[in-house]
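Data block below; observations after.
The values are calculated or read from the model by the stated rules, or taken from the named source; none is laboratory data. The structure displayed is predicted, hence computed values, not measured ones. Note that each Cβ is placed from the backbone with ideal geometry, even for glycine, and that neighbours are counted across all protein chains shown. We work out accessible area using only protein heavy atoms, side chains counted, and drop any ligands, DNA or RNA first. Shrake-Rupley method; radii C 1.70, N 1.55, O 1.52, S 1.80 Å.
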Amino acid sequence: MKKVFSFGNGVAEGAGLGKEKLGGKGAGLAEMTALGIPVPPGFTIDTSVCNDYARGVSLDGVHAEMDAALERLEEDAGRKFGDPANPLLVSVRSGARSSMPGMMDTILNLGLTSRTLPALAAGSGERFALDCRRRFVEMYGDVVLRIPREEFNRVLNDKKAERKVASDTELTAEDLKDVVRRDEEIVRRRTGRDFPDDPKEQLWGAIGAVFKSWDNERAKTYRKLHRIPEDWGTAVNVQAMVFGNRGDTSATGVAFTRDPSTGEKRFYGEFLPNAQGEDVVAGIRTPRPLNADGSGRSLEETMPQAHAELLRVRDLVEKSFKDMQDLEFTVEDAKLYLLQTRNGKRTGFAAVRMATEMVEEGLIDEDEAVARVEPEQLIQLLAPVFDTKEKAEAVRAGKLLGKGLPAGPGAASGRVALTAKRAVAMAGDGGGPVVLVREETSPEDIAGMHAAVGILTTRGGMTSHAAVVARGMGKTCVVGAGDISVEEERGDVRARDLVAREGDWISIDGTTGEVVLGKILTRPSEVLQVALEKSLAPENAPVYRAFEKILTWADKRRRLGVRANADTPTDARVAVVFGAQGIGLCRTEHMFFEEHRILAVREMILADSAEGRRKALEKILPMQREDFVGIFREMGERPVTIRLLDPPLHEFLPNEDSAIEKTAKELKVTAEKVRERVRQLHEMNPMLGHRGCRLGVTHPEIYEMQVRAIFEAVAEVVRGGGKPNPEVMIPLVGTEQEFERLKILTDEMAKTVSKETGQPVPYKVGTMIEIPRAALRAGTIAKNCDFFSFGTNDLTQMTYGYSRDDAASFLPAYIEKGILLEDPFASLDQVGVGELVTIATRRGREANKGLKVGVCGEHGGDPRSIEFFHNAGLDYVSCSPYRVPVARFAAARAALAEKKVGGSSTA
Ligand code: PEP
Ligand code: MG
């Protein structure tokens, strides 16, 4: 079978063979050649040869093919490899199926030997020839001969110091001759032989090095992280050199067929006259624009012919690849050559805009548009953003305090508040927004988190309290910024020699995890202005319209339902705006923390008898009922899953002495009594302790109050003509007996309330599946149960035995060492925890055909986990309101991937 594919002069043997065989770069070169685009001639070696090479399979056949391809290349280029009169020089580049940036350096100017150097010097000047030779020896020495790059860098730097110049462009031919001599000496010393002077030997050496680079550690790690299969291999591209550094009629540059940051259909790019590709990347000189801007410096103005040709190329590649292309080009003596085309990287804004516009242009269909946008990219369209220039300037000025995990999207600038209380007070003082900075947060901090525009913690991971709550609130959040220390007593935040005192401005970027000292300008997202604030009309909001359009397409394609985790009427409203089809989890305990309620909750906890508890609960009941009425009204007929109390009671009691004293005074008991209760409720492992339905079993009066509040709210809304659809959910069930008992309690209360109010009380009762035992016993539990909702946060915690709150101390090390590929609290462990989900779903449905099954852990908003839940046949996922669009989109992509039988979803 053919393994080497030539391209040049309008003919490409590999056209249509695709990335699987030719790699991304090779396929692009073949297609461009076939389209009649000027591409320097060359050949591509099939990715499968990489595997043969690694396995030691004989490559004799491939060698023969390469010899033939080289001959053809010489013909196309009109030069001969190693010819002292008119030498052909080539580049050798790797090119895997999906791009793996930085995996291997390119080798340029290959074929430059002691015999060919004079010809290059005669044609383009001695300095130019020697600079090419220098670059070649360095690249070849590094990539093929494995000599540390620093040794060559040292020679160049020494020379610059000796000549007292800042840039290597200021070195003379004489200087470069000396640099080359010293570089060659390094090679001799390091390898025990002269730098290879036979062009063919150079070529085979370079090709072998490219194949070997597939298996270097850097590449292996990259593949693991990006889930690129080991057996894909890389192709090798050998191509005639063209020089953008041949003088003022030469240039090198990059171009995007559409704007990669906004998606606007305008040609966008930069170039450098008299330069090589690496000069653009290195950012030594400021590049110039492609399109005329009146400066007289643009490509259009300085090389109009090349610019016109580039515009023609732009149309051709967009039509052919049907996607935005990122082009690399070189102009040699005023003639344009294309060196690469690939699908361009883009922001979320650009992805959505281009996908919708390309459908309008008839370039792609709706399925393809949905497949083009990564679900996570939608988040960018919702979040407030930093002004990019301002942030870069602040970082450049040394104001970067540190970096944590990007837990809540967007950007926030505000004044540092070190306690929740201060955050609330400061937020109301008129001095500007506040960022709450804590080591970690707890439910007691909710009010402060609400008051803040952003939350920063120095401990905790992606499912820490701060991260979960911030995402729920749609707030910017950075967690686990371990380099920063927070000192409440000292009243400041520090990192290295930087200090921010309480009240000082700080800026956090929830998309990158960066924490910067000082204020950076932010802008609210257009989508929010239209959908939520209603401060902008849709007709003036193109981003919003594109966002809506693509989500409508997604909704037509998905099978999974999407609900939101929402605790308040406000959350519920946001959820509906973002398209939630119901509430999948209302955590009632969050209602307990509000200022005027917590006291009644504490009174209940401090009471010595069930009777005393009931009295306190009576005070809470009307407040809970009001919450539920508000939520039912917002949600209309949509289902609302309300979870009964879940956390251990000690979470509601104060800890610090001053707070204990204050509570005691308010409740008219002694501080000693409060302290005693705190001691009694203390648990070694509260996550495995007295919480969830265990509280309902031992303190039934608490659950009775809660279900009464729910049903009275139902009756009230029904009386007003509403059709509420409540689902009572029992948390942390491990045995069928627990569920049965609490279901009876619920059913009886429904009867009582119905009788008392004279209203029908429609409802369902179900359970969370978050204990492995419950997953295994699903068949029995499901019999009398209307629904299951997987609490994958706890299910992950209990399946792995990793504490959700403490795992941040070792998870990063586990991920670094490759024991785990990713944080299982962020993306579902599909083979372990996922198997429990599959088992429980199957057993549950076997026992009860009508059983509805959903997920309400954090994984319900994670695209990869959503694909798993889709394939596992679940009915819905539930996630924080601001992630609802992401989940809708991910569900559609999962459905599309399934439809594409045999196709891969990773391409
Ligand atoms: C869960 O455990 O997945 C869940 C949703 O409950 P919580 O996070 O409140 O424990
Ligand atoms: Mg749970």
Distance between modelled label sites at residue 748 and residue 900, nm, 7 Å Cα→Cβ extension: 5.6 nm
Helix-derived mean residue ellipticity, 222 nm - over the chain, DSSP H n ≥ 4, -39500 (n - 2.57), to 500: -14000 deg cm²/dmol
Packing-based ranking, highest mean first, of 67-75, 153-161, 525-533 given that Cβ atoms within 10 Å are counted: 525-533, 67-75, 153-161
Radius, Kirkwood style, for segment 302-411 when every pair of distinct Cα atoms is counted (Å): 17.1 Å
Compactness index (Cα Rg / 2.2 N^0.38 Å), segment 699-755: 1.20
Relative contact order for segment 629-685, counting Cα pairs under 8 Å that sit 6 or more residues apart, in percent: 26 percent
Segment 317-358: radius of gyration and largest Cα-Cα distance (Dmax), Å: 13.0, 40
Relative contact order (%) - the chain, alpha-carbon pairs under 8 angstrom, separation at least six: 9 percent
Cα-projected label distance for residue 389 with residue 198, points at 7 Å along beta-carbon direction, nm: 5.8 nm
Probe 1.4 Å, protein heavy atoms only - accessible area per residue of segment 741-880 in square angstrom: 40 Å²
Segment 142-211: translational diffusion in µm²/s, Stokes-Einstein, Kirkwood Rh over Cα pairs, 10 °C, 1.306 mPa s: 119 µm²/s
Mean shadow area of segment 359-427 over all directions, Cα convex hull, nm²: 7.9 nm²
All-pairs Cα distance distribution in the chain, expressed in whole percent, bin size 20 Å: 13, 38, 31, 15, 4, 0
For segment 669-812, size of Cβ-based charge dipole, Lys and Arg +1, Asp and Glu -1, in debye: 100 debye
Local electrostatic count, residue 247, Cβ distance below 11 Å [Lys/Arg +1, Asp/Glu -1]: -2
Highest-first arrangement of 354-360, 448-454, where packing means the average Cβ count within 10 Å: 448-454, 354-360
Net charge of neighbours whose Cβ lies under 15 Å from the Cβ of residue 816, counting Lys and Arg as +1 and Asp and Glu as -1: +1
Given charges at Cβ of Lys, Arg, Asp, Glu: the chain dipole, positive-most of 609, 256, 436: 609
Zone of residue 637's modelled label, taken as backbone nitrogen in segment 745-771 under 20 Å from a point 7 Å along Cα→Cβ: 760-765
Diffusion constant of segment 767-833 at 4 °C, which comes from Stokes-Einstein with the Kirkwood Cα-pair radius and 1.567 mPa s, µm²/s: 100 µm²/s
Candidate aspartates and glutamates for bridging to residue 899, where Cα separation is under 19 Å - those fewer than 8 sequence places away on the same chain excluded: 365, 366, 367, 368, 374, 555, 867, 875
Gain upon complete extension [residue 161, residue 810; 0.36 nm per residue less C-alpha separation]: 229.0 nm
Per-pair calculated FRET efficiency, R0 = 45 Å: residue 2 and residue 86 via Cβ, rounded to 0.05: 0.90
With every protein chain in place, the chain: carbon and sulfur % of accessible area (1.4 Å): 50 percent
Globularity index of segment 687-805, i.e. its alpha-carbon radius of gyration over 2.2 N^0.38 Å: 1.14
Size of charge dipole - the chain - debye, nearest 20, with Cβ of Lys, Arg +1 and Asp, Glu -1, no other charges: 1200 debye
Residues of segment 1-57: accessible area per residue with a 1.4 Å probe, Å²: 36 Å²
Using a Förster distance of 22 Å, the FRET efficiency for residue 60-residue 215 (Cβ separation, nearest 0.05): 0.50
Violating pairs (Cα-Cα greater than 28 angstrom) within the set 619/852; 319/389; 25/335: 619/852; 319/389
Cross-link partners of residue 391 among lysines (Cα-Cα below 18 Å; sequence separation of 8 or more within a chain): 399, 403, 519
Point-to-point label distance, residue 822-residue 450, nm (Cα→Cβ direction, 7 Å offset): 3.3 nm
Cross-link partners of residue 723 among lysines (Cα-Cα below 16 Å; sequence separation of 8 or more within a chain): 764
Protection proxy ranking, peptides 288-294, 516-522, average beta carbon neighbours within 10 Å, highest first: 516-522, 288-294
Value of D in µm² per second that Stokes-Einstein yields for segment 17-153, Kirkwood Rh from Cα pairs, at 37 °C (0.692 mPa s): 196 µm²/s
Cβ-defined net charge surrounding residue 8, 14 Å radius [Lys, Arg +1; Asp, Glu -1]: -4
